[in-house]
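Report on the following structure.
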Amino acid sequence: KGEVKLPGATFANDVFAGEGGKVYVTDSGLKQGAKDFEPTGTDALYVIEKGKAKALAKGKDLGKPNGVVESGGTLYLANFGNEELWALDAKGKKKGAVTKLPNGGLDGIVVLPGGDFLVSSWAASAVFQGKPGGEFKPVVSDVAAPADIGYDSKRNRLLIPRFMASTVEAWQLK
């Protein structure tokens with residue numbers, strides 16, 4: 001439906017179509033084209049409403065936000081710069097305790113029917129499953145650079161783009 005500028009963004013990364021027509025976009029605060037993902041400090045979470053973008057949360061303390069999803073009126077950020085899963089309210093403020101996953105380099109995030117979350121981790125070469133505030137365990141391992149994951153609810157399959165291999169894999173969930 002058109003283009004929306006993200007003022008000050010350097011690495012627009014994930015996008016999520018939320019409730020009420022809102023669209024959420026992360027800026028991982030990285031320099032495009034840099035081999036080692038050099039930080040720019042523009043880390044942010046934007047909301048787009050009625051064709052206009054505004055930063056809900058901004059700053060290096062976000063930890064290179066990557067994956068974003070909305071569930072039950074709460075926004076969740078999977079951070080590439082660490083092993084943290086953040087819960088935010090609709091105004092972009094931290095909500096509750098940060099959930100630490102077993103490893104970092106977090107990228108994609110999806111919510112399964114029943115409320116479990118799947119989160120991909122570059123550092124672990126894995127996808128973890130669990131609930132915010134609880135324990136996360138690997139559900140898929142040995143997948144280098146698992147990027148922004150998807151979920152096929154009809155077939156109960158996890159879809160994993162492999163960033164460095166330029167491939168997409170489909171994994172059957174149990």
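The values are calculated or read from the model by the stated rules, or taken from the named source; none is laboratory data. Since the model is a prediction, treat every value here as computed from it, not as a measurement. These accessible areas exclude ligands, DNA and RNA; they are computed on the full protein's heavy atoms, side chains included. Shrake-Rupley method; radii C 1.70, N 1.55, O 1.52, S 1.80 Å.
Summary table below
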| item | result |
| --- | --- |
| Whole-percent carbon and sulfur share, accessible surface of the range 28-174, 1.4 Å | 50 |
| Read-out Cα Rg over 2.2 N^0.38 Å, derived from the coordinates shown; its label in (i) 1.15; (ii) 1.06; (iii) 0.97 | (iii) |
| Computed over the chain: relative contact order in percent, which uses C-alpha pairs under 8 Å that are six or more apart | 12 |
| Alpha-carbon centroid distance for the pair the range 107-139 / the range 54-81, whole angstrom | 15 |
| Heavy-atom accessible area per residue - the range 1-126, 1.4 Å, Å² | 49 |
| Partner aspartates and glutamates for K91 [C-alpha distance under 16 Å; skip if fewer than 8 residues away on the same chain] | E19, E49, E70 |
| Distance violations [Cα-Cα > 29 Å] among K93/K174; K31/K100; K52/K131 | K93/K174; K52/K131 |
